[in-house]
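The values are calculated or read from the model by the stated rules, or taken from the named source; none is laboratory data. Worth saying up front: this structure is predicted, and the values here are computed from it rather than measured. As a convention, Cβ positions derive from the backbone with ideal geometry for all residues, glycine included, and neighbour counts pool all protein chains shown. What goes into the accessible areas is simple: the full protein's heavy atoms, side chains included, and nothing from ligands, DNA or RNA. Shrake-Rupley method; radii C 1.70, N 1.55, O 1.52, S 1.80 Å.
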Amino acid sequence: MRLPNWVRLPGRTVRVRLTVLYALLFFFSGALLLAIASGVAVGRSSSMEVKVNANAGPQSGQAGDRIHMLQSQVAHLQAQVARLQSEVAGQPGQSQLGHVLLISSLIALAIMTIVSAALGWLVAGRALRPVRQMTAAAQRISEDNLHERLAVAGPRDELKELGDTIDGLLARLEGAFAAQRRFVANASHELRTPLTTMRASLDVALAKPEPAPPQTVALAGRLRAELDRVDALLEAFLVLARAQHRHLPGCTALPLDYVVEAALADQAAAIHARNLTVQDTTGPGGAWVTGSQALLCRLVENVIGNAVCHNDDGGWIRITTETDGRRASLVVENGGPFLEQRQVAELAQPFRRLGADRTGSDEGSGLGLSIVAAIAEAHGGTLDLQARDGGGLRVCVELPATADRPSAAQAGVPA
């Protein structure tokens, strides 16, 4: 039987289970007490009746002249007992006394069971209050405030030991995240330095007065291309790490249509080379978001770059931005080969690629959409990937919309 919508039953929480346990224990204890009391009363009534019958029975007395006197007294007592029994049987209120007492006891038991359930609810809430406080504190603590602790106060009991254990875990997590942040900060300098040195060595070798052999020039070109690829991969690693650590430098408000326009301008040469048709339905001043301008621009560049790279020659791209007041969305669809939804759902993981036989291209490092997912999550948004029925991919990024829209000059957007 389905309950109406206005009925809201409490969930199967520890507090509810403790309350039910308290009520059941009281009910069974009260029922056992009533059963014992009723058994004692019945036993006493039976023993009194046996005593009366025994006193009313024939008595052995002394011989001689006292036998007749005892017999007359016994007959007199029997007559009195018979008279009392008839009087008791003739009073209807006395016959119902036991029934009334039983009903009253059951009503009292029901009332006290309800009272015990209410008291159990209060006691359980009081006992579980430290657990609720620890839960609320743990929900507040995130990567940005790992320095906070639960700091459970009170006696050294099981709850305090649990709180201290969680505080120790938070301390270890804080140390791990701090080590990762130091690695990201140092990797940018330490890994870029040898790349710059190798580029400089190639430039010096090719800039000598005597002409270099053709093989050397070709090798230098290949090395420079590989260095550019390693540099792009390193930059992708650093952006992914910053986004996953929610490091958002230079937060500002900006419209998505401006970011889309800039990304399309950067991809203009690739779009022209593949003869792609772009349907841009974004409108000026539409969806505004707040966040790191560098990361949000990288997000849009990766989404549009993915649509350009994994597309058919002469294909199409459709770009849409919109907002409902609370969420701003960027939707990029592109044509291409048929894809399986199971594999598409894994593209947000690092180094997940479908391969050239499925996407028509072997370019890319497999980090593009994973960077998009990390940047969207760092800004409180989501990434949704769907395989289109007609082939190709649909990418939808949702971000919190900005209610207060600054002017173009304040947001750094060209007029």
Flag for A265 being under 28 Å from F237 (Cα atoms), open to solvent by 50 Å² or more (accessible area, probe 1.4 Å), at pLDDT 90 or above and of a type outside the set (S, T, Y): yes
V239 vs. criteria at pLDDT below 85, outside any loop (DSSP other than H, G, I, E, B) and either under 27 Å from E322 (Cα atoms) or open to solvent by 60 Å² or more (accessible area, probe 1.4 Å) (or both): yes
Whichever residue in segment 384-415 is surrounded by 22 or more Cβ atoms within 10 Å (Cβ to Cβ) and more than 15 Å from D257 (Cα to Cα) and, among such residues, is modelled with the lowest pLDDT: G392
Residue within segment 159-174 that is within 19 Å of R242 (Cα to Cα), in contact (Cβ under 8 Å) with a residue 24 or more places away in the chain, within 25 Å of the chain's Cα centre (by Cα) and part of a helix (DSSP H, G or I) present: yes
Top-ranked residue in segment 366-383 [being in a loop (DSSP other than H, G, I, E, B) and open to solvent by less than 30 Å² (accessible area, probe 1.4 Å); ranked as modelled with the lowest pLDDT]: G366
All positions within segment 187-209 that are open to solvent by 90 Å² or more (accessible area, probe 1.4 Å) and within 39 Å of the chain's Cα centre (by Cα): H189, E190
Every residue from segment 149-173 that is of a type in the set (D, E) and open to solvent by 70 Å² or more (accessible area, probe 1.4 Å): E158, E161
Any pair with Cβ under 8 angstrom, 6 or more apart, that starts in segment 217-232 at a residue that is open to solvent by less than 70 Å² (accessible area, probe 1.4 Å) and ends at one that is of a type outside the set (A, V, I, L, M, F, W, C) and in a helix (DSSP H, G or I): L227/R199; D231/R192
Options I304, I319, I271; residue that is more than 22 Å from E398 (Cβ to Cβ), at pLDDT 90 or above, open to solvent by less than 30 Å² (accessible area, probe 1.4 Å) and not basic (K, R): I271
Restricting segment 328-363 to residues that are over 16 Å from R394 (Cα atoms) and open to solvent by less than 60 Å² (accessible area, probe 1.4 Å), the residue that is modelled with the highest pLDDT: A328
Hits in segment 244-258 - residues which are at pLDDT 75 or above and either over 11 Å from V289 (Cα atoms) or open to solvent by 20 Å² or more (accessible area, probe 1.4 Å) (or both): C251, T252, D257, Y258
Residue within segment 278-298 that is in contact with a helix residue (DSSP H, G or I) (Cβ under 6 Å, 6 or more places away or on another chain), assigned to a loop (DSSP other than H, G, I, E, B) and at pLDDT 90 or above present: no
